[in-house]
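Remarks on the structure that follows.
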Amino acid sequence: MKARAFIFDLDGTLIDSVDAHVVSWVEAFNSVASAGVSEDDIRPLIGLSGRDIMKTVLGGSASEDLLKRVRWVKDRAFLREVREGRVTLFPGVTQALRLLKAAGYLTGLASSTPNRMLIHLTDYLGLSTFMDAVTGGDEVSKGKPDPAIFELTARKLGVPPAETVIVGDTPYDVIPAKELGATPVLVNYSRDLARRWKDPIPEGTKVYVMFYELTDYLREVVLCGEDARFIRAC
């Protein structure tokens, strides 16, 4: 793998938070805007920016005041889910990040979550100490699947996007990775995602059903194989 850096998505990739986001959005839309949405309506939208999710549900003519009120309720509902222990790291995440840092790779985070939430969330879950660069969704004008957030994160890391591995859990991550010439990796790939994703997985994408399978691959092949660059990490 010819790469100098790994860039990770957050929700659904490093942390098991998709259900918490879905519940929080449903609560916000239905309590503030009487939108009548269900969890099945919201789940396919997770991975988009919060603004794009709101525009999709409420329509392009929704007022800024309504969007702000929905977002206010959503953020607080999500923080409640975090406090109550319903947002956790996936198995293998800490081990993978330790392996990559020990092997000399740069690591970055590119999340649709705005920085006002992202900073506290990464600190709370112990991720911030592993990251050389963190980019929140409010730092770019276009959200995923536009590649801007990954381009910015690569720039912060000081490496060309083509020399990065981009790890995510949805099409909104691997499609822009391919556009940038990066190595796309899809983790936590479920039958539900396969059913919702009509287009084929981009050629060259490495797919792992669970995150810990990626951890095992990093340990046994990339870092500790016969051609490993940094045997000391094993």
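The values are calculated or read from the model by the stated rules, or taken from the named source; none is laboratory data. As the structure is a computational prediction, the values presented were derived from the model and not from experiment. Here Cβ is always computed from backbone atoms with ideal geometry, including for glycine, and neighbour counts include all displayed protein chains.
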Legend entry - Neighbours by Cβ (under 6 Å, 6+ apart or cross-chain): first from the range 85-99, modelled with pLDDT under 95; second not in a helix (DSSP H, G or I) and not acidic (Asp, Glu): 99/223
Legend entry - Restricting the range 20-40 to residues that are among the acidic types (Asp, Glu) and at pLDDT 95 or above, the residue that is surrounded by the most Cβ atoms within 10 Å (Cβ to Cβ): 27
Inset, instruction - Working only within the range 149-158, note down all residues that are under 18 Å from residue 185 (Cα atoms) and either β-branched (Val, Ile, Thr) or surrounded by fewer than 23 Cβ atoms within 10 Å (Cβ to Cβ) (or both). - result: 149, 151, 153
Inset, instruction - Sort through 177, 154 and tell me the only one that's over 14 Å from the mean Cα position of the chain (by Cα), hydrophobic (A, V, I, L, M, F, W, C) and outside any loop (DSSP other than H, G, I, E, B). - result: 154
Inset, instruction - Identify the residue in the range 2-16 that is in contact with a helix residue (DSSP H, G or I) (Cβ under 8 Å, 6 or more places away or on another chain) and of a type in the set (D, E, K, R) and, among all such residues, is farthest from residue 121 (Cα to Cα). - result: 2
Legend entry - Condition met for residue 50 (touching a Pro at 6+ places or on another chain (Cβ under 8 Å) and either over 24 Å from residue 134 (Cα atoms) or not acidic (Asp, Glu) (or both)): yes
